[in-house]
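A.B. asks: I'd like to ask some things about the structure below.
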Amino acid sequence: MTQSAKWRLAHILAAILGAILLALSARHALILTSPDLRTGAFTTSSTAAMMVGVILLVRFLSARQQPTLYLAVGFLGSGMLLAVHAVFSSMLVRDTAPWTTPLVQGSDILRDGLLSASFLASWGAWRWQEALNRRLPVRVQLTILLAIAATVAYLAFTFAANPAFSKTADLVWLAVFVAGLIGMALKNAVRADTLERWLTLAAIFLIDGEVVVGIFGDKLDTGQIGTAELMTVAGYLAAFVGSVLSTYELFQRAERAMQIARGRNEELLREVALRKRAEEESRQLALVDPLTGIYNRRGFVALGTHVREIARRQQRPVHLLLIDLDRFKRINDTFGHTVGDKALVEFGQILTATFRKSDVVARTGGDEFCVLLTEPDEGIQTALARLRQNLDDSNEAGRRSYRLAFSVGIAQSMPDEDDSIHELVEMADEAMYEEKRLREGAA
């Protein structure tokens, strides 16, 4: 399964989960025959809040952005506290113990404070987290936050039954919520984000609910649903829908980025291949004689040194043939340099056809050629006889008005000797001129 298919599957599953949540809301919060509608509404809101918190936590773990962590803690915590409210305010549990009512009231106060503070902390982290990290270590920051949270939790559960304290807490949390909402809106104006837009919408619903229930009062009987509960359900469902849509949007952006990256990688690979090919061509051009197509002096020395080392390891002798075309200057002077170039090309082809592919054949000067072979003495004589026969066949073909002939000098290096290619060329050159001198003396 491709990554794109996995993302689409995740989106479909999230949409199905959202539909289930909506069905739960309709079953537990909107059916008028239900004996306890408020419990269903808070259960639905709790589920949606915790799902949003989980999605935000996953996003934080993947991106390590501090503002996302604060929002994740806020929604996870508010979802758990909503679950506490739903359980201990239900018809089965309520009034079974004297501490259930203070627990429900305290969880409401703490839930409102946690979610309100998470919005404000998220904006503050985006705005000042770097400066704060430079002044205070992370452990000190966490210690301060835990101390504040413990103090607020103690006050909420201790004085929850006091109407004045509850009213004051609602006003404080409302102010914090509004400040955080304004901060989130300002942040979104600077750097637009789909999730933050939906969270801003969710915050508006939740603030409306707090205003109604905390400031004006809902005046509802047990088990009834009022504006505050509906606003709470709508707010958390809006946050859930926004988290799903923004996650899908994030996946789409990641897929587009991966496609762009794959395209760039393919383009880079093509560029690397072209560059390697160009470098190889340049290297070949630097080592190959452009006229004859065989190695030049540089190529002969480089490849010949490599062949010499291999022969030494294999305990085999090497022979270097230095071949010089006889009376080549006369061909140039009589027939022109174009004909002379053709003669060089033809002789290079004869050399290539005569010797093996494992032998190194090169044009090392104007009319000077070199061949490096790893052959015993009898093999060298056989190769020279074959070269003379091939050249005679070319002369007898009658395709040109001149005959080609050559002189050759042979240098040998045994495995235990340390002669370089340059030294072998000098030795072969001396042998060739000695052959020419003897031949001229005999004539």
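The values are calculated or read from the model by the stated rules, or taken from the named source; none is laboratory data. Since we're looking at a predicted model, the values are computed, not measured. Heads up, the Cβs are rebuilt from the backbone with ideal geometry, glycines too, and the neighbour counts pull from every protein chain shown. With ligands, DNA and RNA removed, areas are computed over all heavy atoms of the protein, side chains included. Shrake-Rupley method; radii C 1.70, N 1.55, O 1.52, S 1.80 Å.
A.B. asks: Condition first: touching a residue at least 60 places away in the same chain (Cβ under 8 Å) and either farther than 24 Å from residue 63 by Cα or among the charged types (D, E, K, R) (or both). Now tell me which residues in region 254-268 satisfy that.
C.D. replies: 255
A.B. asks: Taking residue 209 as meeting all but one of (1) at pLDDT below 80; (2) surrounded by fewer than 21 Cβ atoms within 10 Å (Cβ to Cβ); (3) of a type in the set (Gly, Ala, Ser), write down the number of the exception.
C.D. replies: The failed condition is (2).
A.B. asks: Assess whether residue 8 counts as being open to solvent by 60 Å² or more (accessible area, probe 1.4 Å), basic (Lys, Arg), under 19 Å from residue 230 (Cα atoms) and at pLDDT below 55.
C.D. replies: no
A.B. asks: Does region 247-268 hold any residues that are at pLDDT below 75 and either small (Gly, Ala, Ser) or not in a helix (DSSP H, G or I) (or both), and which are they?
C.D. replies: Hit for region 247-268 is 254, nothing else.
A.B. asks: Still on this structure, please answer the following. I need a count of the residues in region 137-166 that are open to solvent by less than 60 Å² (accessible area, probe 1.4 Å), in a loop (DSSP other than H, G, I, E, B) and more than 26 Å from residue 239 (Cβ to Cβ).
C.D. replies: Here the count works out to 0.
A.B. asks: Out of all the residues in region 186-203, is one or more buried (at least 19 other Cβ atoms within 10 Å of the Cβ), more than 35 Å from the chain's Cα centre (by Cα) and at pLDDT below 75?
C.D. replies: yes
A.B. asks: Okay, moving on. Mind listing just one residue for me: the one in region 390-421 that is in a helix (DSSP H, G or I) and touching a helix residue (DSSP H, G or I) at 6+ places or on another chain (Cβ under 7 Å) and, of those, surrounded by the most Cβ atoms within 10 Å (Cβ to Cβ)?
C.D. replies: 421
A.B. asks: Another one. What pairs come up if the first residue lies in region 410-435 and is closer than 18 Å to residue 376 by Cα, the second is among the hydrophobic types (A, V, I, L, M, F, W, C) and open to solvent by 70 Å² or more (accessible area, probe 1.4 Å), and their beta carbons are under 8 Å apart, counting only those six or more places apart or on different chains?
C.D. replies: 411/427; 419/427
A.B. asks: Next up: Only residues that are at pLDDT below 80 and touching a helix residue (DSSP H, G or I) at 6+ places or on another chain (Cβ under 7 Å): list them for region 83-104, please.
C.D. replies: Of everything in region 83-104, those that are at pLDDT below 80 and touching a helix residue (DSSP H, G or I) at 6+ places or on another chain (Cβ under 7 Å) turn out to be 85, 86, 88, 89, 90, 93, 94, 100, 102, 103, 104.
A.B. asks: Across region 315-348, what is the total count of residues that are closer than 30 Å to residue 414 by Cβ and β-branched (Val, Ile, Thr)?
C.D. replies: Residues that pass the stated criteria total 2.
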